[in-house]
Amino acid sequence: MRTMRGSWLPLALALTTLQVGCGSGLEKGGEETRPDSDGDGVLDAQDCAPTDGQRWRELWGYADTDGDGRGHGLREKVCGAHDLPPGWSAVEGDCNPTDPGTWREVPGLYPDRDGDGATGPNLVRACVGEHVLPYREQPGPLDCDDEDRRYQASTWVYPDADGDGVGDGIETFSICAQDPLPAGYAAHSGDCDPTDPTRSQTRVYLYRDEDLDGYGRESPGSLCLPQGAPLPPGYVDHWLSKDCDEADATRFQVRGVYTDKDGDGAGDGDMLALCIGDTPPAGYVYFGGDCAPEDATRWRLLDYSYRDADGDGDTVWSPGNVCAGTELPPGHLTTARGDDCDDRDATVRVRWDLYRDADGDGVGVGPRVPVCAGTTRPSGYATTGEDCADDDAARWQWLSYAYRDVDGDRYTVAAPGQLCAGEALPAGYLNLSVGPDCDDMNAAVHKTLRTWPDLDGDGVGAGVVEDQCTNGQTPANRSLLGSDCADDDSSRWMSHSYRHVDRDGDGFTTPESGTRCAAATLPAPYFLQATGNDCDDANTALIRWAVLYPDNDGDGVGTEPRRILCIGTTVPPGMSIFGDDPNDHDPSTMTDPEHEALETFILDF
């Protein structure tokens, strides 16, 4: 890397020197052959202004006399720099070269010289600037005076010869709305009598009501009246019902009426058309159909659906109609009340579907039969019909049972069935059991026991098992248990397993498995749990195995070779449980110094 830096530096200096020499304009003998008089970097031969350092190249442009950025006239060459000099523009089309505020020509504008938003009626082409004022691109309200912003809307005026404020629509012209009306003219037209100042408004009417009863005849026309005056009485501008008698205000409509002889408000006979007022004349009504023209208490047919001919309060379906007054007569109804099975007899009205009950126990037999009776069930009949003994009032229903107790000892045998009975099952028939009966013909026994012979009387039997029907007590010389391991010895009956023995009685056991026939507990010297590990169960002095080392110098620490011996509670003389004596012939030396240092290190750590 250092070598490359050292070689690049001379090369860079050489290139710099060459570049400076190329740009100096000097050739043979140091003479200047390519001059740039104004020093703008463009040779005089190519410079359009060799003595002006601010201009050096020719550009095309248009004269911009008002400085608004848009030129006019012919396109010309101009000497400039990067851009055109002031007073020139590359954009042509200035429609007003003397005004910098306007430069573009826009067609289809609406004039608004007074700036009031209202415009003149004719479209113009105008030279404008950024904004189009005093013109608008969209038309505003028509301006009646575009030179004065106070006046915009125009209005029409009409000749008013009689001076009543309403013109006659002849020789009209328009004026600015804010201008005062000219003399002899009005702002409104439509004078129905231009020569009479008291009348100017035409009012149209559609009907005439000469007797003023609110009914009339169609007779359209018009009247010339004072301004704002209503139509005079008898002239109407809206629809009226036709008057059947314009000469009599009490009669105005034709209605159909009926003759009412009995005065009950319902007429009879054919309908008559009469010219009347608001109400029919005396002896006439609007409605006909009187079903009893001579009876004022009855006049209309009323429908009924039910009858109660015997008056017992219960009805039968019997639709029809009857001539009545305000309501149906007694015994005719529109809604049901009960269902009378015999509407000719007031003592019976309820239809029963019952069974014949010969024994009177409330349960019948045979098919149901219809019975018409009062509100209570008649005797000799029942509402249910499954009597299993219709000749015995004490029995009427089939009852199921699951158990029998023939001997009456309360213990049962399963024997499901059915029995014709009364309210409950008789004795000896049950659906619940307190326990099974092994002999339902003998009340003294009921329970089956499985027993074994007990020859030695220790309560545990052995031999052949036998099922016996008993009173619940175990028979003599029998047992419910059959596991006696010595049926000839009453002191032994249970077989025990053992896993350890202590035959020398020193309190320490040795492993041995087997079984022993004994009483309730395992006797010595047999045990389920170990106590120690007796190395010699025939010698009470030896009870355990120990790893020992010979101790020749008697200092309590022995050395190899180690031995496994059967010992008692103490270590025999000449032996030790420790085996790291470095010199077993010197009682003063018991520990190896290196071992002692290592032990100290481990304990400290």
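The values are calculated or read from the model by the stated rules, or taken from the named source; none is laboratory data. Note that this is a predicted model, so its numbers are computed, not measured. Here Cβ is always computed from backbone atoms with ideal geometry, including for glycine, and neighbour counts include all displayed protein chains. For the accessible areas, the whole protein counts, side chains as well, though only heavy atoms, and no ligand, DNA or RNA atoms are used. Shrake-Rupley method; radii C 1.70, N 1.55, O 1.52, S 1.80 Å.
Descriptive notes on the structure:
- Accessible area, probe 1.4 Å, largest first, for residues Ile175, Ile567: Ile175, Ile567
- Within straight-line reach of Lys447, meaning a Cα separation under 14 Å, sit the following aspartates and glutamates at least 8 residues removed in sequence or on another chain: Asp405, Asp407, Asp409, Asp437, Asp439, Glu466, Asp467.
- At most 16 other Cβ within 10 Å, DSSP loop - trypsin sites (Lys or Arg not before Pro), the range 389-435: Arg410
- Mean Cβ count within 10 Å, highest first, over the residues of peptides 357-367, 118-128, 72-82: 357-367, 118-128, 72-82
- Per-residue ellipticity at 222 nm, computed for the chain from helices alone with -39500 (n - 2.57) per DSSP H run of at least four residues, works out to -2000 deg cm²/dmol.
- Base-10 log of normalised Debye intensity for the range 287-377 (one unit scatterer per alpha-carbon) at q = 0.12, 0.14, 0.16, 0.19 Å⁻¹: -0.52, -0.63, -0.73, -0.87
- Three-way shape call for the chain based on the alpha-carbon gyration tensor, with the a/c threshold at 1.5: oblate
- In order along the range 203-211, the phi-based Karplus estimate (6.51 cos²θ - 1.76 cosθ + 1.60, θ = phi - 60°) of 3J(HN,Hα) comes to 10, 9, 10, 10, 10, 10, 10, 6, 8 Hz; Gly and Pro are listed as x.
- Of all aspartates and glutamates in the structure, those lying under 15 Å Cα to Cα from Lys242, and not within fewer than 8 positions of it along the same chain, are Asp209, Glu210, Asp211, Asp213, Glu218, Asp278.
- Percent accessible area from carbon and sulfur atoms, the chain, protein chains only, probe 1.4 Å: 53
- Student exercise, the chain dipole from Lys, Arg, Asp, Glu Cβ charges, in Debye to nearest 20: 980
- Local net charge near Asp345, Cβ-Cβ under 12 Å (Lys/Arg +1, Asp/Glu -1): -4
- In order through the range 314-328: 3J(HN,Hα) via Karplus (6.51 cos²θ - 1.76 cosθ + 1.60), integer Hz, x for Gly, Pro: 9, 10, 10, 6, 7, x, x, 9, 8, 6, 8, x, 6, 8, 5
- Annotation: the antiparallel percentage among DSSP beta bridges lying fully within the chain is about 95.
- Restricting the range 327-365 to trypsin sites (Lys or Arg not before Pro) that sit in a DSSP loop and have at most 14 other Cβ atoms within 10 Å of their own Cβ leaves Arg337, Arg344.
- Counted charge near Gly108, where neighbours are those whose Cβ lies closer than 12 Å (Asp, Glu -1; Lys, Arg +1): 0
- A dipole drawn for the chain from +1 and -1 charges on Cβ atoms has a positive end, and of Ala546, Ser318, Ala462 the residue lying farthest that way is Ala462.
- The alpha-carbon positions of the range 152-304 define a convex hull whose volume is 177 Å³ per residue.
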